[in-house]
Amino acid sequence: MDLHEALTQISEIRQQVARTEVFRGYKAAPVALSGGVALVAALLQATWLPVPAADLGAYLTLWIGAALVSLIATGVAMVLHCKYAASALTRTTALLAVGQFAPSIVAGGLLAFVLWHNAPETLWMLPGLWAMLFGLGVFASYRLLPRAIFWVGVHYVVTGAFVLAWAKGAWAFSPWAMAIPFGVGQLLAAAILYWTLERRYEQKQESTR
């Protein structure tokens, strides 16, 4: 066995072990922050953009900006977790988690771009489609997370379908179409992360003192 083959096998073993690890890089605080950002953005829309259909550029700017704030907060927490984690597999598991979730984020961005430039009359569907894509991202990565995160994915897909059926006509671009899927969904995810990972870790640390 040559060196290259040995290194390849070691890398494959690390990947397999990483897939069995629970990823702890998603922290409850930044995830809860992202839920709060969605709720604040909904309030801002209701206050300053009462007729979003008349200014779709401002509507997209508001919600894409909220998504970027949430992604940055989560990304910073993940980088810090990888930097200070004791396990050598943490970085590998983080890359797996990002690789599993990122396609749904990229697809959501491309979807917004295509609809905005080619079919702006269909942008009312964007909140529901975004929620369903986000739910698919949760399903893709939940095996690295606490099992209860599965229900967060269910929340996003179900509420996304509901928004597609409801938030049209007079209700198109309602701030609730974003606030319910993303505000409630992220707060639910934060609660699950805290109670299943962070709280148990804190209790374990206290018991060893």
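The values are calculated or read from the model by the stated rules, or taken from the named source; none is laboratory data. Just so you know, these numbers come straight off a predicted model, no measurement behind them. Note that we place each Cβ from the backbone using ideal geometry, even for glycine, and neighbour counts take in every protein chain shown.
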Restricting to region 96-107, and then to whatever is touching a residue at least 40 places away in the same chain (Cβ under 8 Å) and of a type outside the set (Phe, Trp, Tyr), can you tell me which residue is farthest from residue 142 (Cα to Cα)? 96
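With 140, 112, 107 as the choices, which residue is over 14 Å from the mean Cα position of the chain (by Cα) and of a type outside the set (S, T, N, Q)? Break it down into steps so the answer makes sense when it comes.
On the way: 140 fails: over 14 Å from the mean Cα position of the chain (by Cα); 107 fails: over 14 Å from the mean Cα position of the chain (by Cα).
Among 140, 112, 107, only 112 is over 14 Å from the mean Cα position of the chain (by Cα) and of a type outside the set (S, T, N, Q).
Quick check on region 165-172. Is at least one of its residues in contact with a Gly (Cβ under 6 Å, 6 or more places away or on another chain), surrounded by 19 or more Cβ atoms within 10 Å (Cβ to Cβ) and of a type in the set (Gly, Ala, Ser)?
Of the residues in region 165-172, the ones in contact with a Gly (Cβ under 6 Å, 6 or more places away or on another chain) are none.
No, there is no match, as no residue in region 165-172 is in contact with a Gly (Cβ under 6 Å, 6 or more places away or on another chain), surrounded by 19 or more Cβ atoms within 10 Å (Cβ to Cβ) and of a type in the set (Gly, Ala, Ser).
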For residues that are surrounded by fewer than 18 Cβ atoms within 10 Å (Cβ to Cβ) and at pLDDT 85 or above, tally how many sit in region 87-102. 3
Please identify the pairs in which a residue from region 38-63 that is free of Cβ contacts under 8 Å to residues at least 40 places away in the same chain has its Cβ atom under 8 Å from the Cβ atom of a residue that is of a type in the set (Phe, Trp, Tyr), counting only partners at least 6 apart or on another chain. 49/59
Anything in region 169-209 that is modelled with pLDDT of 90 or more and not in a helix (DSSP H, G or I)? List them, or say none. 172, 173, 174, 175
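Residues to consider are 28, 18, 66; find the one that is farther than 30 Å from residue 122 by Cβ and modelled with pLDDT of 90 or more.
Working: 18 fails: modelled with pLDDT of 90 or more; 66 fails: farther than 30 Å from residue 122 by Cβ.
Just a single option satisfies the conditions, and that option is 28.
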Filter region 117-167 down to residues that are touching a Lys or Arg at 6+ places or on another chain (Cβ under 9 Å) and acidic (Asp, Glu), then give me how many there are. 0
